[in-house]
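Here is the structure we will look at.
Coordinate-derived values only; no laboratory data. What you see is a predicted model; the values in this text were computed from it and never measured. Backbone-built Cβ (ideal geometry, glycine too); neighbour counts: all protein chains shown.
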Amino acid sequence: MTPPSLPPLRPRSATEVVDAAIQLVRAHYGHLLQVAALGTIPSLALALAQVLVVPGAAIPSDPTKAGPLAGFLVASLVVSTIFGLATQGALSWSGLAALRGTTLPTVGESFRVGFRRLPTLIGAVVLVGIGAMVVLAPLTFGAILGAGVLGLGPIVTAVIGVVVLVTSLLLAVASYGLLALVTSLVVLEGLGPAASIARAIRLARGAWLRLAGVWAIAIVLFLAVFGAVFALAALLGNDEVAGALATVFAIPAIPIFGMVALVQYADVRTRREGADLEAALGELAGGVGDSPTLPA
């Protein structure tokens, strides 16, 4: 299948980035949905196994007494992390072909790229997470504790707390945007963890508010879908089943995150490097054939 030709790449606002991502998903929804669904199957299988083996089990206050539930929780965390990152990598690779207007890779080819870059993605996630905590923790606790030590009064302290909370949320969302940009750089440019983060920071320089705006819109849209579905599923009265059903019904929204990351990547490259669509994205695949060349 040859995707339709795309208009020339131009700088976009936060809402335009999300809208362009949604349009890209609509144009290639069947393929992207397959990628998202395949990447979610292992986590759903574990959730189903947990319901069957330890139905209705609650997380105890003492982790050492969690029993079989602890194994499921650890396995779920590991599996969801591995397949979640691999899925984002696969979506980036499929989305690149869609954005370039070339033949889409198969789902298997896209996941092969995602798993090949998985160790680097994990390293990048760890580094970004550490960096975010280093920035956010002192900001949050330092401001609130400082207000208390200085005896500024409950009203001033509350105002400072609100300001710190809003600032922390913006930084957290911007950090998520940075991580999405890093994912694109790792998968599409083959950079290592440190190199991808350094390049992402250079590309995003002066655009942090727009980065935060893009992902604030995307997260709100996703939570609206996921929250509504979870609320309906919760009527069943079983949290585990409700969570599994909510995940199933949220799968159609997963490709939007992948495409937002890709369009955001293209946008910051255009703004920072002035590249047009073919020059910016065609060079990533070496300009060969109708589909991107799989990275080594």
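Tell me, in nm to one decimal, what length is gained between residue 198 and residue 73 on full extension, where the rule is 0.36 nm per residue of separation less the Cα-Cα distance?
41.6 nm
Quick one: 211, 203, fewest Cβ neighbours within 10 Å first, how do they rank?
203, 211
Provide the per-residue ³J(HN,Hα) series for the range 29-34, in order, calculated from phi with Karplus coefficients 6.51, -1.76, 1.60 and θ = phi - 60°, each as a whole number of Hz, with x at glycine and proline positions.
Karplus-based 3J(HN,Hα) across the range 29-34 equals 5, x, 5, 5, 5, 4 Hz.
Quickly rank 169-178, 36-45 as a protection proxy: mean count of other C-beta atoms within 10 Å, highest first.
Answer by packing, highest mean first, reads 169-178, 36-45.
For residue 135 paired with residue 172, estimate the spin-label separation in nm (one decimal), with each label point 7 Å from Cα along the Cα-to-Cβ line.
1.5
Order by neighbour count: 259, 133, fewest other Cβ atoms within 10 Å first, most last.
Least crowded to most crowded, the residues run 133, 259.
Taking Rh as the Kirkwood radius computed over C-alpha pairs, what is the Stokes-Einstein D of the range 86-133 at 4 °C in a medium of viscosity 1.567 mPa s, expressed in µm² per second?
Calculated translational D: 113 µm²/s.
Return 92, 110, 184 ranked ascending by Cβ neighbour count within 10 Å, so the fewest neighbours appear first.
Ascending number of Cβ neighbours within 10 Å: 92, 184, 110.
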